[in-house]
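Read-outs: derived from the displayed coordinates by stated rules, not from any lab. Source: prediction; values computed, not measured. As a convention, Cβ positions derive from the backbone with ideal geometry for all residues, glycine included, and neighbour counts pool all protein chains shown.
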Amino acid sequence: MIEYFNTIPSLHRTLIIVVGLVVFSLVESAAPLFSLDYKRGKHALINIFFTLTTIAVNFVLAFLLLKTSDWVVAKEIGVIQFFDLPLWLFLILGLLLLDLIGAYTAHWVEHHVQWMWQFHAVHHTDQNIDVTTANRHHPGESVIRFGFTILATAITGAPIWLIMLYQSISVVLSQFNHSNIGLPAWLDKIMVTVFCTPNMHHVHHHYRQPYSDTNYGNIFSFWDRIFSTYTKVDNDKLVYGLDTHMEKEETESIVELLKVPFKPYRPHIKYDKPEKL
Ligand SMILES: [Zn+2]
């Protein structure tokens, strides 16, 4: 496994995304969480465009990740390099740290730093959340997230095989937790103790604060519990999208979406009455 992820070809990494999209789309058709009333083809087209730009950004910058990883391993820098750990612990601790820094923290920061939010807002403008939403990231956000992956690699001390393994799991989990899949309640209850399920992550896509500022996790669900950003609501009451960006002319146009981060900042709407979901 280490050998495989050390030299995983770009084609295989792209295949993971494609297979995930196909498999979760099929499950969405068979067991939807909501019967969303939208044109799946047109919706997918926009999100697949942003998936391709995400792949392109990661492909162009990949050498930086490889250099960082080689450097921290050679210098024995980073948490998992510091201790003499057995392989299983090295692997688990590495995945935990990469998810905490590269996904949970990155996501939290994107919600709290205005210029980063301007980019991340594009992800939230989707008014129909399904598997294709997972990689609906403005190319600028893909660069920001790449920066966090570099930071996570340096702090963790992760070798390249571990980063590739992490990214493969991360892509599939993101597709899973964005999918419009209605898991049986008992299964969701078991899974959500460790992993972010669709039920958990969809709350994050509610159109209003404070719900959109909860459930930031990607792979592991317990970061949200540990850092008090976890919410559980009645998912039937969720409305997807972003209250500041609800016009379809903007949210369903690739050109307009590309411009979103460069338009004047739209502050979050403050409501008189707190909403109870
Ligand atoms: Zn978000």
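May I ask for the angle, rounded to the nearest 10°, between helix 114-124 and the longest principal axis of the chain, with both axes built from Cα atoms and the value confined to 0 to 90°?
Between the helix axis and the principal axis of the chain, the angle is about 70 degrees.
Could you work out how far helix 10-30 tilts from the main Cα principal axis of the chain, as a 0 to 90 degree angle to the nearest 10?
Rounded to the nearest ten degrees, it is 40.
Would you order SER228, SER69, SER10, SER25 from fewest to most other beta-carbon atoms within 10 Å of each residue's own beta-carbon?
Numbers: SER228 8, SER69 23, SER10 11, SER25 18.
Ordered by Cβ neighbours within 10 Å, fewest first: SER228, SER10, SER25, SER69.
Summing Lys, Arg as +1 and Asp, Glu as -1, what charge do residues with Cβ under 10 Å from the Cβ of ASN58 carry, ASN58 excluded?
Numbers: positive: ARG13, ARG145; negative: none.
Result for the neighbourhood of ASN58: +2.
Among LEU87, MET116, THR231, whose Cα lies farthest out toward the positive end of the dipole of the chain, if unit charges sit on the beta carbon of Lys, Arg (+1) and Asp, Glu (-1)?
Of the candidates, MET116 comes out farthest on the positive side.
In the chain, how many lysine pairs have Cα atoms under 13 Å apart, counting only pairs 8 or more places apart or on different chains?
On the way: LYS42/LYS248; LYS67/LYS75; LYS189/LYS232; LYS232/LYS276; LYS237/LYS276.
Pairs that pass both the separation and distance tests number 5.
Test of understanding: ordering LEU89, LEU183, LEU257 by Cβ neighbours within 10 Å, fewest first, what list do you get?
Numbers: LEU89 11, LEU183 19, LEU257 22.
With the fewest neighbours first, LEU89, LEU183, LEU257 line up as LEU89, LEU183, LEU257.
Counting other Cβ atoms within 10 Å of each Cβ, which chymotrypsin sites (Phe, Trp or Tyr not before Pro) in the range 207-277 have at most 13 and sit in a DSSP loop? Before the final figure, lay out each step's value.
Numbers: sites: TYR207, TYR211, TYR216, PHE220, PHE222, TRP223, PHE227, TYR230, TYR240, PHE262, TYR265, TYR271; in loops: TYR207, TYR216, PHE227, TYR230, TYR265, TYR271.
Loop-located and lightly packed - TYR265, TYR271.
Packing-wise, with mean Cβ within 10 Å as the measure, how do 195-203, 168-176 rank, highest first? Intermediate values should be presented prior to the final figure.
On the way: 195-203: 22.3, 168-176: 20.1.
Result, highest mean first: 195-203, 168-176.
About its Cα centre, how strong a charge dipole does the chain have in debye, to the nearest 20, once Lys and Arg get +1 and Asp and Glu get -1 at the Cβ? Walk me through the intermediate numbers first.
Working: 20 positive and 24 negative charges, 35 e Å.
Charge dipole, the chain, about its Cα centre: 160 debye, nearest 20.
So what are the chain's ellipsoid semi-axes, whole angstrom, largest first, if each one is the square root of 5 times an eigenvalue of the alpha-carbon gyration tensor?
Working: eigenvalues 181, 85, 75 Å².
They are 30, 21, 19 Å, listed largest first.
Which ordering of ASP234, ASP37, ASP70 is given by a fewest-first count of other beta-carbon atoms within 10 Å?
On the way: ASP234 9, ASP37 6, ASP70 12.
The most exposed by this proxy come first: ASP37, ASP234, ASP70.
Within a Cβ distance under 11 Å of SER179, other residues only, what is the Lys/Arg minus Asp/Glu net charge?
Working: positive: none; negative: GLU28, ASP130.
Taking every other residue near SER179 into account, the sum is -2.
Per-residue HN-Hα couplings for the range 163-168, Karplus 6.51 cos²θ - 1.76 cosθ + 1.60 at θ = phi - 60°, whole Hz, x for Gly and Pro?
Calculated HN-Hα couplings, in order: 5, 5, 5, 4, 5, 5 Hz.
Can you list residues whose amide H is under 5 Å from HIS206's amide H, if they're 5+ apart or on another chain and H is modeled 1.01 Å from N?
So HIS206 has HN proximity to no qualifying residue.
Report, in whole Å, the centroid distance computed from the Cα atoms of the range 57-92 and the range 96-167.
For the range 57-92 versus the range 96-167, the Cα centre distance is 18 Å.
Taking the Cα of LEU64, stepping 7 Å toward and past its beta carbon, and measuring to each backbone N in the range 171-186: which are under 20 Å?
Inside the label zone: 171.
What trypsin sites (Lys or Arg not before Pro) in the range 13-51 are in a loop by DSSP, with at most 13 other Cβ atoms within 10 Å of the Cβ? Write down the numbers at each step before the final one.
Details: sites: ARG13, LYS39, ARG40, LYS42; in loops: LYS39.
Hits after loop and neighbour filter: LYS39.
Sort largest first and round to whole Å: the equivalent ellipsoid semi-axes of the range 124-165, each the square root of five times a Cα gyration tensor eigenvalue.
Values: eigenvalues 141, 32, 10 Å².
Ellipsoid half-lengths, sorted descending, are 27, 13, 7 Å.
Based on DSSP H runs of at least 4 residues, each adding -39500 (n - 2.57), what is the mean residue ellipticity at 222 nm of the chain after dividing by all its residues, to the nearest 500 deg cm²/dmol? Before the final figure, lay out each step's value.
Numbers: 14 runs with 161 residues, N = 277.
Per the formula, -18000 deg cm²/dmol.
Could you work out which residue, out of GLU249, GLU141, GLU28, moves most in a Gaussian network model of the chain, that is, has the largest mean-square fluctuation with Cα springs under 10 Å?
Largest GNM mean-square fluctuation: GLU249.
Which residue, PRO159, PRO264, PRO210, has the most motion in a Gaussian network model of the chain that connects Cα atoms within less than 10 Å?
PRO264
Would you look at the GNM of the chain, springs on alpha carbons closer than 10 Å, and say which of ALA158, ALA106, ALA56 moves the most?
Comparing ALA158, ALA106, ALA56 in a Gaussian network model of the chain, the most mobile one is ALA56.
Given a Förster radius of 25 Å and the C-beta distance between ASP272 and SER35 as r, what FRET efficiency does 1/(1 + (r/R0)^6) yield to the nearest 0.05? Before the final figure, lay out each step's value.
Working: r = 32 Å, r/R0 = 1.28.
Taking R0 as 25 Å, the efficiency between ASP272 and SER35 is 0.20.
What Rg and what Dmax come out for the range 214-253 when only alpha-carbon atoms are used, in angstroms?
When restricted to the Cα atoms of the range 214-253, Rg and Dmax are 14.0, 39 Å.
What are the residues whose amide H is under 5 Å from the amide H of PHE195, where those residues sit 5 or more places off or on another chain and H is modelled from the backbone?
So PHE195 has HN proximity to SER221.
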